[in-house]
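J.: My questions all concern the structure below.
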Amino acid sequence: MSLPVEKRRQWIKSRREQRKLTRYARLRRQFLRYFILLSLLSIGVLVFERINCHLSENKDGLVINGNVVSSNEQICHVLQSEVMNTPIFLLNPSELENRIRKLSIVKHAFVRRYVLPHPLIKVEVLEEFPWATIYCPALLPNNSKCLNAPNSGPASNFSNTLDTTDTKAQFVMSESGRFISIADFPNIYQPSLKIYTEKAAQLHLNQAEIEQWANWISYISKQMQCPVLSLDMREPHNVKVETNRFMLVLGNPDSGLTRRLYRLASVLEVLADQHKEPAYVNLALNSNIPVKLAKKSDKTISDEKVSRL
């Protein structure tokens, strides 16, 4: 059934008007959405401009927790030029954490920003744990004494061990192998274990190597039943150990050192059966074990070390 021509024209015209009204309604909704979004952004910008977002406007805006050795002044000095004149929302916490970690005593740092109720930056610090005290003989006074300095025989292979009783250490090595300057952090704990080295820059120990050295030192202390006083690493391939009983030459600290250390128990057992006390034992060789027996003068020096402890 066909519609009249006029009625068909009116029907087509009404359909066009309905499509136009639908399109206009959709445009009005989109315009309303964009207007609301733009209004919220404008309000947000006005709020940030009105709020005091600078730490310079809040005297207690920098809070530091967890620092025992490093002072608040040292950490503030690292951050002050960056955070005081920059709005809180423009600061990069990762960059601030990296700047704090440049301090040798700081192992990890965590920075958090707060705008409300007032501008605030919280810094959580985790410091390094000391493992050994570092002595550099090249930096020590010329009148430093040397102990047990044999001139001939097998004992001549053992270098002089410095007596640092009247001197001060320059660095402390942490458990991660990081050097911490005692001059920069005078309140740091100085471990009883001493390490002698010609230059601190030449002593490179990572965390795994330090754990290995800790195991070796623990084994030596257990076998000798006395603490290890120092490690002489002035010659990297000829390391010596000082205890309050006698000197121990380890040689090159390679993968075979553990096997060579296992021979120490049998040497001490033989000497104990003969009621003899060694002055030093050389475990650097694979074929034999040179041993020098202690004299009365050596025993006197050993007694003096024990009395100093």
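The values are calculated or read from the model by the stated rules, or taken from the named source; none is laboratory data. Just so we're clear, the structure is a prediction, and the values are computed from it rather than from any experiment. We place every Cβ from the backbone using ideal geometry, glycine too, and count neighbours over all the protein chains shown. Only protein heavy atoms, including side chains, enter the accessible area calculation; ligands, DNA and RNA are left aside. Shrake-Rupley method; radii C 1.70, N 1.55, O 1.52, S 1.80 Å.
J.: Run the accessible area of segment 215-254 with a 1.4 Å probe and give the carbon-and-sulfur part as a rounded percent.
T.: Of the solvent-accessible surface of segment 215-254, carbon and sulfur hold 49 percent.
J.: For residue 114 and residue 235 in one chain, what is 0.36 nm times their gap in residues minus the Cα-Cα distance, to one decimal in nm?
T.: That pair, residue 114 and residue 235, stretches by 38.3 nm at full extension.
J.: So for the pair residue 86, residue 269, with labels modelled 7 Å out along Cα→Cβ, what separation do we get in nm?
T.: Label at residue 86, label at residue 269, 6.5 nm between them.
J.: Using packing as a proxy for protection, rank 6-15, 200-209, 125-134 so that the peptide with the highest average count of other Cβ atoms within 10 Å comes first.
T.: 125-134, 200-209, 6-15
J.: Whenever you get a sec, line up 273, 184, 232 from highest to lowest accessible area (probe 1.4 Å, protein heavy atoms).
T.: On the way: 273 110, 184 90, 232 5 Å².
From most exposed to least exposed: 273, 184, 232.
J.: Quick one: if you stick a label point 7 Å off each Cα along the C-beta vector at residue 37 and residue 211, how many nm between them?
T.: Result for the modelled spin labels: 5.2 nm.
J.: Can you tell me the length gained on complete extension of the stretch residue 95 to residue 218, counting 0.36 nm per residue apart and subtracting the Cα distance? Walk me through the numbers on the way to the answer.
T.: Working: separation 123, 0.36 × 123 = 44.28 nm, distance 4.00 nm.
Taking 0.36 nm per residue and subtracting the Cα distance, the gain is 40.3 nm.
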